[in-house]
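The structure under discussion appears below in the form of C-alpha cells.
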Amino acid sequence: MKKKIGIPRSLFYYQLFPFWKTFFEELGAEIVVSDRTTKKILDDGVKSCVDEACLPVKLFHGHVINLKDRVDCLFIPRYTSISRGEYVCPKFGGLPDMIRNSFEELPQIIGTEINLRKSNAAAFKAALEIGSYFCSHKKRIERACHMALKAYGDFVKQGVNGKFPGDLLDGSQPKAVAGSRNGRLNIVVIGHAYNLYDSYINMDLVYKLRCSNANVITVENVSEEIINEKSAQLFKRMFWNFGRKAAGTALHILDRSDIDGVIYLMSFGCGIDSFVCDLVERKLRHSRDIPFTILTIDEHSGEAGLNTRLEAFLDMIRWRKENENYISAHG
Amino acid sequence: MKITFPHMGNVYVVGKILLDELGAEYIVPPFNNKKALEIGTKYAPESACLPLKINLGNYIQAYEQGADTILMVGGCGPCRFGYYGALEKEILNDAGFNMDIIILEMPNGNLKEFLNRVKRLAGGFDIHKIFRAIRNTTRIAKQVDELEKLTFKIRPREIVKGSTDRIYKAFQEDMREARGYDQARKLVEDTRRELLSLEIDRSFKPLKVGIVGEIYTTIDSYTSFYLDSKLGNMGIEVERPVTISNWIIDHIIKSALHLPRDLRYVEAAAPYLGKMIGGHAQETIGNAVLFAKDGYDGVVQVYPLTCMPEIVAQSILPAISRDFDIPVLTLIIDEMTGEAGYLTRIEAFTDLLEKRRERTTIEENRVLSRS
C-alpha cells in the first residue's frame with residue numbers, strides 16, 4: 001500500500017510544492033494536500049496556536065488539523081535556510097517543534113532540517129533523509145531529487161517569464177485581467193508567497209486587483225540575477241531570503257517607468273516584514289514618488305476595510321495619471 | 001568623533017570601559033526612560049520589536065548631548081537584531097539626525113572590514129592596547145554580572161527592605177562617572193562589600209524563580225519594569241542565566257576561537273527544540289528545563305511583542321510545564337504595557353507559587369477547608 005504523506009497547503013507550499021510533488025510521486029508516495037483555506041481551518045489554527053504568532057503560522061496549525069487524521073505522516077521540514085548565507089525566519093526553523101508540542105495525537109512528522117546556509121550539498125543530504133522514509137534505494141532517491149529540481153526549475157522559470165505563481169498552483173482565480181488595455185495599471189504586490197497566493201487569507205486581493213483592470217506583478221516575477229544585483233546596493237546585506245528578494249524588487253522598481261503603484265502585503269506580527277517593509281518604503285520614497293501602500297492582514301481583518309483602501313489606492317493612481325498637470329483655476 | 005552606544009541593563013559599563021581603555025571619547029546616553037521610549041516609538045516602524053525603539057531613543061538623547069557616532073554590534077540572523085544597526089542608520093538619517101554608525105561584525109565573513117572598523121574605533125592599531133581593552137572589558141562584564149547575581153541572593157533575605165535596591169541604584173549611578181577599568185573594578189568591589197555587610201535572614205528559605213526569555217527585556221530592568229527587583233522584594237530569589245558576560249565570553253570569544261562552551265542548555269532543550277533558531281529561544285527552552293530539574297518553583301519568560309524566536313519558545317513552554325509540573329508565566333512587553341496590569345500578573349503568579357509550596361509541605365493531608 002502506498003504511504004500517504006500530508007503536505008499542509010500553507011507557508012512553503014506556495015514556493016516549493018512543485019518540487020516536493022515530483023519528489024514524492026517519483027518515490028511512489030501518495031500526496032495528500034490539505035484543503036483550501038476556509039474559515040474553519042483558520043479558526044482551528046487560531047485556537048491551537050499561541051496568540052502572539054503571526055497569521056500564517058496560525059493558519060499552518062489549522063492546516064495540520066485538517067490533515068492529521070487522514071495521512072500516515074506529515075511533512076513539516078525544518079526550513080532553517082533555503083539559500084546560501086541566508087535564513088528563512090526563526091518561526092520556520094522552529095515549526096516542527098511548535099507543531100509537536102501543540103498537539104497531542106499526531107501522525108509521524110518528517111521534520112528533517114533543510115539548511116543550505118553553508119552549502120548546497122546539505123540540501124541533497126536532507127533529500128536523501130526525507131526519501132529514506134519511502135524508499136531504500138539511494139539511486140532512486142537521487143533520481144527523484146533530480147526530477148524534482150527540474151520541475152521546480154520550470155516553475156521558477158514560468159514565474160520569471162511573467163506567469164503568476166498563484167495561477168500555476170491554484171486555478172481558482174480568474175487569470176485574465178478584466179477591462180480594456182487602455183488604462184490598465186501595473187501594480188507590484190510585495191509579500192510573502194504564503195500571504196499572496198492564498199486567496200482566502202488576503203481576501204482575494206489578486207482577484208480584486210485584476211477585476212479593477214490591474215496587472216499584478218510579484219517578487220517571483222523578477223529574476224534572481226536582477227534581485228541579487230539590486231540587493232547588493234544595500235548598506236548591509238539582507239540575511240533573510242525573502243528580505244533580499246523584497247529589497248531587490250523594490251530597488252528594481254525604481255529603474256522601471258511602467259510601474260504604477262506598489263502594495264506591500266504584510267501579516268501582523270511578522271518580524272521580517274516589520275523591517276523589510278520599512279526599508280522598502282524608505283528606498284521607494286527617497287528617489288521616486290511611486291504610490292505606495294501597506295496592507296496588513298491578521299485573523300480578524302474586515303474585508304470592507306481592505307476593499308475601501310484598495311479602491312482608494314487605485315482611484316488615487318488613476319486620478320493622478322489623468323489630472324496630474326491640472327491645477328484648478330478656482331484655487 | 002564622540003561615540004555613543006545603546007543601553008541594555010549594565011551593558012553601558014562594558015561599553016564605557018571598552019572605550020575608556022581604547023582612549024575614545026564617548027557619551028553614555030541617559031538611562032532608559034519614558035522619553036527615550038517615546039522618541040523611539042515615534043521614529044521606528046510600528047511593529048518593530050521594543051529594543052529597537054529604545055535604542056533609537058538612546059541615540060537621539062545622546063545626539064542632543066553631542067554624540068555623532070554610534071557603536072553597535074551586529075549579526076547575521078535570523079533574529080532581527082542582526083539588522084538593527086543598518087535599519088537604525090536609515091531611520092536616523094531620514095529623521096535628520098546626522099549620525100555615523102560603527103557596527104562591530106564581520107560583514108560576509110570579511111575580516112579586513114572588521115579590523116578596519118576596530119581601527120577606526122581604537123584610533124589606530126595598537127594590538128597591545130586592543131588586547132588589554134578586550135581583556136579588561138571581559139573582566140568587568142563578569143564582575144558586574146556577579147555583583148548582580150549577588151543582589152538576587154541578598155534582596156529576598158535582607159532585613160531592612162529596600163537596602164539592596166538603594167545600594168545597587170547608587171552603584172549604577174556612580175558607575176557613570178567611573179573612568180577606566182581600575183576605578184570601575186574598585187567600585188564593583190566596594191559595592192560588593194557593602195552588599196555583603198547587609199543584615200540578612202539566614203534561615204529564610206525563599207521561593208526560587210528562573211527568568212528566561214529574550215536577552216534585552218530580561219537584562220534591562222527598565223524594560224522589564226524591574227522584574228528581578230520586584231520578585232526579590234516579594235521574597236523570591238531569582239536566577240537569570242543569560243547574561244552579558246556570558247554572551248561576550250561564550251558567544252563571541254569562545255565561538256570565534258572554537259573553544260569548548262557550556263552547552264548544557266542545548267542538551268536540555270534537545271527533546272523540545274532540536275536546533276538553534278536564532279535569538280535566545282534555545283536558551284529559553286533549555287534553561288527552563290534545567291530550572292525544572294534543579295527544583296525551582298517557577299519560570300518566568302519575558303520577551304518583547306512580535307519577537308520571533310521567543311514566540312516559538314512560548315508555544316513549547318506549556319509542554320515543559322506539563323512534563324515537569326512547573327508553573328510558567330509569560331510576560332510580553334511593548335511600549336503600551338501598563339505597569340499595574342503587569343504587576344497584578346506577577347503577584348498572582350507568586351501567590352500561586354506560595355500555595356503550591358504549602359500544598360507540597362502538607363503532603364497527603366490536603367484539605368479544602370477546615371472548620
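The ranking of A:105, A:142 from fewest to most other beta carbons within 10 Å of each one's beta carbon is A:105, A:142.
Taking θ as phi - 60° and the Karplus parameters 6.51, -1.76 and 1.60, the scalar couplings of segment A:84-99 work out to 4, x, 10, 10, 8, 5, x, 5, 5, x, x, 4, x, 5, 4, 5 Hz in sequence order, x denoting glycine and proline. Of the residues B:337, B:217, B:164, A:37, the one with the fewest other Cβ atoms within 10 Å heads the list, and the complete ranking is B:337, A:37, B:164, B:217.
Mean-square fluctuations from a GNM of chain B, with a 10 angstrom spring cutoff on Cα atoms, peak among B:322, B:139, B:179 at B:322. Coordinate range of the alpha-carbon atoms in segment B:206-370 per principal axis, descending: 63, 36, 26 Å. Between B:45, B:60, B:12, the Cα set farthest toward the positive side of the dipole of segment B:1-138 (charges on each charged residue's Cβ, about the Cα centre) is that of B:12.
Among A:244, A:181, A:36, the largest mean-square fluctuation in a Gaussian network model of chain A (Cα springs under 10 Å) belongs to A:181. Calculated mean residue ellipticity at 222 nm for chain B: -16500 deg cm²/dmol, from DSSP H runs with n ≥ 4 weighted as -39500 (n - 2.57), summed, divided by the residue count and rounded to 500. Distance between the modelled labels on residue B:357 and residue A:288, one decimal in nanometres: 6.4 nm (7 Å Cα→Cβ projection). Summarising the label geometry, the points placed 7 Å from Cα in the beta-carbon direction at residue B:190 and residue B:64 lie 3.0 nm from one another. Computed over chain A, the range of Cα coordinates on each principal axis works out to 79, 41, 36 Å, biggest value leading. Name the shape class, rounded, prolate or oblate, that the alpha-carbon gyration tensor gives for segment B:3-135, where a ≥ b ≥ c are the square roots of its eigenvalues, rounded holds for a/c under 1.5, and otherwise prolate holds if a/b is larger than b/c and oblate otherwise. Judged from the Cα gyration tensor, segment B:3-135 comes out prolate (a/c at least 1.5, a/b above b/c). To the nearest Å, what is the center-to-center distance of segment B:288-345 and segment B:125-173, using C-alpha atoms only? Each part's Cα centre sits 26 Å from the other's. If R0 equals 56 Å, the separation of the Cβ atoms of residue A:121 and residue A:323 corresponds to a calculated FRET efficiency of about 0.45. Taking every lysine pair in segment B:3-135 that is 8 or more places apart or spans two chains, those with Cα atoms closer than 16 Å amount to 8. With the Cα gyration tensor of segment B:175-234 giving a ≥ b ≥ c as the square roots of its eigenvalues, does the rule (a/c under 1.5 for rounded; else a/b larger than b/c for prolate; else oblate) give rounded, prolate or oblate? Note, shape of segment B:175-234 comes out oblate. Placing R0 at 35 angstrom, the Cβ-Cβ distance between residue B:42 and residue B:118 gives a FRET efficiency of 0.60 after rounding to 0.05.
The calculated pair-distance distribution of the protein assembly as shown uses every alpha carbon pair, bins of 10 angstrom beginning at 0, and gives 3, 13, 23, 24, 19, 12, 5, 1, 0, 0 percent. Lysine pair count for segment B:206-370 with Cα-Cα distance under 23 Å and sequence separation of 8 or more or different chains is 7. Based on DSSP H runs of at least 4 residues, each adding -39500 (n - 2.57), what is the mean residue ellipticity at 222 nm of chain A after dividing by all its residues, to the nearest 500 deg cm²/dmol? The per-residue figure over chain A is -15000 deg cm²/dmol.
Read the figures in this text as sums done on the coordinates, not as results from a lab. Source: prediction; values computed, not measured. Reconstructed Cβ throughout: ideal geometry from the backbone, glycine too, with neighbour counts over all protein chains shown.
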